[in-house]
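Only one structure is covered here, and it is reproduced in the block below.
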Amino acid sequence: MTQQLRRRKARIAATWSGILAGVAAAAAMTTVMAGSAVAATTLGASAAERGRYFGTAVAANKLSDSAYTTILNREFNSVTPENEMKIDATEPNQNQFNYANADRIVQHARSQGMQVRGHTLAWHSQQPGWMQNMSGTALRNAMLNHVTQVATHFRGQVVAWDVVNEAFADGSTGARRDSNLQRTGDDWIEAAFRAARAADPNAKLCYNDYNTDDWTHAKTQAVYRMVQDFKQRGVPIDCVGLQSHMNNQSPYPSNYRTTLSSFAALGVDVQITELDIEGANATWYRNVVNDCLAVARCNGITVWGIRDSDSWRASQTPLLFDNNGNKKPAYDAVLQALNNGVTPTTPPTTTPPTTPPTTPPTTPPTTPPPGTGGCTATVSLNSWTGGFVATVRVTAGASGTNGWRVTMTLPSGATITNAWNTTRSANSGTVNFTNVSYNGRIAAGQSTEFGFQGTGVGTGMTPTCTAS
Ligand code: G2I
């Protein structure tokens, strides 16, 4: 590895050690390198010069294959666990969570300075048996509990989550896909997004789907309308993932750039999340890269595997490396497109490196003086039939806080099933919520948030806040 490559890798690694440092480094590289005669020699380094990431799906059981990891570590600066963060992998039995394989991938990514995309929290497919057999309120609560638990486990380590995957039907109806989750009510998607935001306030929250590349397709339009509606109503959504599995039945559409820019115009990032192209058509690969570079808020591309033999549809040889790990013509086309760069019409938003892995998102930036000025608390609710998520915002008074306690009386029949960023004294009745180690100190006028999920009805809670 050359000095220069090492320096670039180190800069990508900086995204793990500091939000501002990472963003500044990426921005600086964009400025310094744009138009430079020095062409980057790897996909990740070249994408970073454009303020973007270039990622791949990774399978935990291949991390012991050195041919695989050599390419992974050299070429990519973002990884998406291919199956290891899915519902059947992380919650094989209800309320028994298994993060071993996902953690291995996250650890590998961190050791290499790569970011991680989380895939996926709520999906009709790859549900464990216990969930497949559930319906109604029980399923809704189980799904929300899953979202909360998994997003909490990976808080600070996952830059963006595919919160909900593939919720729309194929064909010309623009309807939701029928599934056990959909049958819990149309609002299951927004409930999942709110739970994810409460659990990991700093992760980018994405809706992810396939066959949404062609702007004129009913499915694309339906997803667009949902995102537009979410933005208008304040449902927390930050990005749209286009899987972009392309083949002769789903070819690269000439209006792909229109699709990217139309979603971006709604005020969300756009990420190409699972790119693979039958036969690895180099022209289509190049077009996809050029289209992403032309849209400022298209901030990253992930290919769905490294070598053809790693692909879920290996016989179609859709990836950038052949079975022996050699670069294919499509690789050269992608690298060249990244290096040539299309100048975006507005400055690129370098959104991926937003989350340091170790710092809790709500830690105040400065140490406040000993608190005497009190605190206030407000509660907001996301309710559904039979349950709710409460998000409580604690704001320090003029003196800041060293610690805080929020007291609330739950309505009769309401019971807390889990909570985050707080320690609670009880699960029902009058409950004292106290700070945990990392969020007790709040500077004057600053805020922190904690939350809890409950069964029953949560309306009518009035929080009082006491500072110490
Ligand atoms: O189907 C392609 C992708 C479509 N979008 C969502 C992605 O999550 C999806 O990925 C694929 C994985 O690439 C496959 O590896 O999802 C498949 C399952 O829906 C994955 O296949 C599964 C097999 O079906 C299982 O039999 C196998 O145990 O992979 C599992 C782990 O190897």
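Being within 12 Å of the ligand (Cβ to nearest atom) and either polar (S, T, N, Q) or under 21 Å from Ala294 (Cα atoms) (or both) is the filter here, so list the residues in the stretch 50-67 that pass it.
Residues of the stretch 50-67 within 12 Å of the ligand (Cβ to nearest atom): 56-62.
Within the stretch 50-67, Thr56, Asn61 meet the criteria.
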- Item | Residues being within 16 Å of the ligand (Cβ to nearest atom), under 16 Å from Ala192 (Cβ atoms) and among the β-branched types (Val, Ile, Thr) - total across the stretch 109-160 | 3
- Item | Qualifying positions in the stretch 165-188 - more than 16 Å from the ligand (Cβ to nearest atom) and within 19 Å of Val389 (Cβ to Cβ) | Thr184, Gly185, Asp186, Asp187, Trp188
- In this structure, is Ala60 buried (at least 17 other Cβ atoms within 10 Å of the Cβ), over 30 Å from Asn340 (Cα atoms) and modelled with pLDDT of 95 or more? yes
- Residue check, Ala102 assigned to a helix (DSSP H, G or I), touching a Pro at 6+ places or on another chain (Cβ under 8 Å) and farther than 22 Å from Met134 by Cα: yes
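State yes or no: is Ile71 of a type in the set (A, V, I, L, M, F, W, C), in contact (Cβ under 8 Å) with a residue 12 or more places away in the chain and within 15 Å of the ligand (Cβ to nearest atom)?
Working: of a type in the set (A, V, I, L, M, F, W, C): yes; in contact (Cβ under 8 Å) with a residue 12 or more places away in the chain: yes; within 15 Å of the ligand (Cβ to nearest atom): no.
So Ile71 fails the test.
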- Query: Just a yes or no: is a residue in the stretch 66-73 assigned to a loop (DSSP other than H, G, I, E, B), at pLDDT 95 or above and not polar (S, T, N, Q)?
  - Reply: no
- Set Ala89, Ala67: member being surrounded by fewer than 23 Cβ atoms within 10 Å (Cβ to Cβ), out of contact with any Gly (no Cβ under 6 Å at 6 or more places or on another chain) and among the hydrophobic types (A, V, I, L, M, F, W, C): Ala89
- Applying the selection to the stretch 38-65, what residues are of a type in the set (A, V, I, L, M, F, W, C), under 21 Å from Ser244 (Cα atoms) and in a loop (DSSP other than H, G, I, E, B)? Ala59
- Return the total of residues in the stretch 309-345 being under 21 Å from Leu242 (Cα atoms), more than 24 Å from the chain's Cα centre (by Cα), within 16 Å of the ligand (Cβ to nearest atom) and surrounded by fewer than 19 Cβ atoms within 10 Å (Cβ to Cβ). 3
- Quick one: Asp178 ticks every box in (1) part of a helix (DSSP H, G or I); (2) free of Cβ contacts under 8 Å to residues at least 40 places away in the same chain; (3) of a type in the set (Asp, Glu) bar one, so which box is it? (1)
- Task: Any residue in the stretch 194-221 that's surrounded by fewer than 24 Cβ atoms within 10 Å (Cβ to Cβ): show its pairings with residues that are of a type in the set (Lys, Arg) at Cβ separation under 6 Å, as long as the two are six or more apart or on different chains.
- Result: Asn211/Lys219
- Task: Any residue in the stretch 88-110 that's farther than 28 Å from Arg140 by Cβ: show its pairings with residues that are buried (at least 17 other Cβ atoms within 10 Å of the Cβ) and acidic (Asp, Glu) at Cβ separation under 7 Å, as long as the two are six or more apart or on different chains.
- Result: Ile105/Glu84
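Results for (1) surrounded by 17 or more Cβ atoms within 10 Å (Cβ to Cβ); (2) among the β-branched types (Val, Ile, Thr), shown as yes or no for each residue.
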position: Val106; (1), (2): yes, yes
position: Ser111; (1), (2): no, no
position: Gln115; (1), (2): yes, no
position: Gly118; (1), (2): yes, no
position: Ala122; (1), (2): yes, no
position: Trp130; (1), (2): no, no
position: Ser135; (1), (2): no, no
position: Arg140; (1), (2): yes, no
position: Met143; (1), (2): yes, no
- Could you please find all residues in the stretch 403-417 being crowded, with 18+ Cβ neighbours inside 10 Å and of a type outside the set (Lys, Arg)? Trp404, Val406, Met408, Leu410, Ala414, Ile416
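The values are calculated or read from the model by the stated rules, or taken from the named source; none is laboratory data. Just so it is clear, the structure is predicted and the values come from calculations on it, not from any experiment. A quick note on method: Cβ atoms are made from the backbone with ideal geometry, for glycine too, and the neighbour counts reach across all protein chains shown.
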